[in-house]
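Notes for the one structure printed next.
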Amino acid sequence: MTPKFKDKYRQSYRNILKILPTKVVLNIENLRGYHKFVNFKNPRYFGEKIQWLKLYGNLEKYSDYVDKYKVREYIKKTIGEEYLIPLLGVYDKIEDINYESFPHKFVLKLNTGSGYNIIVNDKNKININDINIKLKKWLEEDYYKIKKEPQYKNIKKKILCEKYICDKECQLLDYKFFCFNGVPKFIEVDFDRFANHTMNFYDIDWNLLKLNKGDYQNYYNHVEKPEKFNEMVKIVEKLCKNFNFVRVDLYNVDGKIYFGELTFTPAGGLTPFKPIEKDIEISKMFDLKRGI
């Protein structure tokens, strides 16, 4: 499948999801990931519980936590402004963006949804018109209607420009802490997200777990515990303490820790943990009776 055809197929699929009833979409998504319909009365798998949340979890109340602009205020109050990636600009309209004011490297993103990111490594090589066309498409797209994730329903869209960050190896590892009942339980670490995407899983003591997710392979090299790891854990504990389930994402750039995002429906519930017995084990940490 060529990239162009893949994009057309993806857009057609998203257009169909927009007009289908929520419960139908959630079943379709679960079929993609788990090859079965959702058992809404007694969800057993982790992904099933994510689909249940979209329908019954009252996720609308978490809009300010998933809004990548508004959540910055929560981060300032909870752990401090020093953990925020510096903002270079915030825009309501594409016409307000002044590309000439940006540094050589920068990141453009929407404050809502998932996958709405443009990473610029060399400003001299970009096509501003192409970027603006992409941003316009994103601004017009209703992520809530496509993914049926209510936390994104009432967010006023903005374009954010952030400082480009990477470590001394020109890498940016993504540390995703899965937290249940206000306690971080395990960590997903993503490598080479825009090339050969692999991931490892670790417990809170940085022991490698025999765990995979979806079709992703494990990273092939030994990975040392990141600098200031204990500080990362303490930050996560502060950010997750009021939630039954949340994934807290952090970056660590040569010991400088940055907040990434808070996620309540990771990967839309589409990617099972493997082996499937582990998915069920993880799901048991997630008590829906407590609410979210």
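Residues to consider are Asn196, Asn221, Asn230; find the one that is out of contact with any helix residue (DSSP H, G or I) (no Cβ under 7 Å at 6 or more places or on another chain), surrounded by fewer than 16 Cβ atoms within 10 Å (Cβ to Cβ), in the same structural domain as Glu29 (by TED's automatic domain parsing) and in a helix (DSSP H, G or I).
Of the residues listed, the single one that is out of contact with any helix residue (DSSP H, G or I) (no Cβ under 7 Å at 6 or more places or on another chain), surrounded by fewer than 16 Cβ atoms within 10 Å (Cβ to Cβ), in the same structural domain as Glu29 (by TED's automatic domain parsing) and in a helix (DSSP H, G or I) is Asn230.
Considering only the range 1-100, give the helices (runs of 4 or more DSSP H) lying wholly within it that have at least 3 residues that are touching a Lys or Arg at 6+ places or on another chain (Cβ under 9 Å) and at positive phi. It would help to see each step written out before you state the result.
Values: elements: 3-19, 22-34, 46-56, 63-66, 71-78.
By residue number, no helices (runs of 4 or more DSSP H) qualify.
State the number of residues belonging to the range 239-278 that are exposed (fewer than 15 other Cβ atoms within 10 Å of the Cβ) and not acidic (Asp, Glu).
Within the range 239-278, residues that are exposed (fewer than 15 other Cβ atoms within 10 Å of the Cβ) and not acidic (Asp, Glu) number 6.
Can you name every residue in the range 199-217 that is under 18 Å from Glu277 (Cα atoms) and either surrounded by fewer than 18 Cβ atoms within 10 Å (Cβ to Cβ) or in contact (Cβ under 8 Å) with a residue 24 or more places away in the chain (or both)? Spell out the reasoning first.
Kept after step one, since they are under 18 Å from Glu277 (Cα atoms), are these residues of the range 199-217: 200-203, 208-217.
Those that are under 18 Å from Glu277 (Cα atoms) and either surrounded by fewer than 18 Cβ atoms within 10 Å (Cβ to Cβ) or in contact (Cβ under 8 Å) with a residue 24 or more places away in the chain (or both): Asp203, Leu208, Leu209, Lys210, Leu211, Asn212, Lys213, Gly214, Asp215, Tyr216, Gln217.
Looking at Tyr175, Tyr144, which one is part of a helix (DSSP H, G or I), of a type in the set (Phe, Trp, Tyr) and surrounded by 15 or more Cβ atoms within 10 Å (Cβ to Cβ)? Lay out the reasoning, then the answer.
Numbers: Tyr175 fails: part of a helix (DSSP H, G or I).
Answer to the selection: Tyr144.
Under the condition of being over 22 Å from the mean Cα position of the chain (by Cα) and touching a residue at least 60 places away in the same chain (Cβ under 8 Å), which residue from the range 94-119 is farthest from Thr265 (Cα to Cα)?
Taking the candidates together, the pick is Pro103.
The values are calculated or read from the model by the stated rules, or taken from the named source; none is laboratory data. A quick note: this is a predicted structure, and the numbers were derived from the prediction, not measured. Using ideal geometry, Cβ is built from the backbone for each residue, glycine included, and neighbour counts are taken over all protein chains shown.
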